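What follows is a set of notes on a single structure, which appears directly below.
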Amino acid sequence: MNVIGVANVMGNRIIKRQISTYKVRQAMAKLLAIAQKVTFVMGELEHVIGYTSTYKKFHRIMRQLIDQNELTQQSQNRYKLTGKGAMKLLPLFRPHLAKDGRARVLVFDIPENRRLCRDRFRQHIKMLGFRLHQKSVWVSKYDCERWLLAVADYHGVKDCVSLYVGEHVW
């Protein structure tokens, strides 16, 4: 893990902070959960982390994430999360309750010859807040359609997955 020491002077006290790849990923997960989008501007990310004085060091970490194929750079200060990057952020993602109060019902039928893919997909949808209702039927009260689309696209199972949004009647 890439760790960089940062010192902020507040009055007579010096507060040492550590900036790392993990903290950058944490900030990206927080920012992307709030915004429900996969692109972000560098200034937004710096604001969430709280490190504006570490421009070169921060960009070094961003370059490392680009080299690891977790991000793609769209312009000088605009980045887009890749499928691999989204999967790395899933354990850090905290879903938000759906504002419309509707339930998300996920139905999938991934063939047996893709068992490993199905098992990994199942692990990832659990991280998004889905709970098993019946065999291959999962229900969630969280607003995570875009993340689910990214997960299905990453695993290549978009053709085997259906998402329904509705209300609980009984």
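The values are calculated or read from the model by the stated rules, or taken from the named source; none is laboratory data. This is a predicted model, so every value here is computed, not measured. Here the Cβ is made from the backbone with ideal geometry for all residues, glycine too, and neighbour counts use every protein chain on show. Side chains included, ligands, DNA and RNA excluded: accessible areas come from the protein's heavy atoms. Shrake-Rupley method; radii C 1.70, N 1.55, O 1.52, S 1.80 Å.
Any chance the range 81-98 includes a residue that's over 24 Å from Val169 (Cβ atoms) and without any contact (Cβ under 8 Å) to a residue 12 or more places away in the chain? No.
Residue-level check: of (1) surrounded by 15 or more Cβ atoms within 10 Å (Cβ to Cβ); (2) out of contact with any helix residue (DSSP H, G or I) (no Cβ under 6 Å at 6 or more places or on another chain); (3) part of a helix (DSSP H, G or I), Ala150 misses just (2).
Residues to consider are Gln73, Gln64; find the one that is free of Cβ contacts under 8 Å to residues at least 60 places away in the same chain and among the polar types (S, T, N, Q). Please lay out each step first, then the result.
On the way: Gln64 fails: free of Cβ contacts under 8 Å to residues at least 60 places away in the same chain.
Matching residue, one of Gln73, Gln64: Gln73.
Being buried (at least 16 other Cβ atoms within 10 Å of the Cβ), more than 19 Å from the chain's Cα centre (by Cα) and among the hydrophobic types (A, V, I, L, M, F, W, C) is the requirement here; does Val139 meet it? Yes: the conditions hold for Val139. Only residues that are open to solvent by 80 Å² or more (accessible area, probe 1.4 Å), assigned to a helix (DSSP H, G or I) and either over 23 Å from Lys141 (Cα atoms) or in contact with a helix residue (DSSP H, G or I) (Cβ under 8 Å, 6 or more places away or on another chain) (or both) were counted in the range 81-124, giving 7. For Met127, the criteria (1) farther than 18 Å from Val24 by Cα; (2) free of Cβ contacts under 8 Å to residues at least 40 places away in the same chain; (3) hydrophobic (A, V, I, L, M, F, W, C); (4) in contact with a strand residue (DSSP E or B) (Cβ under 9 Å, 6 or more places away or on another chain) hold in every case but one, which is (4). If the condition is being of a type in the set (S, T, N, Q) and at pLDDT 80 or above, then the range 77-134 contributes Thr82, Asn113, Gln123, Gln134.
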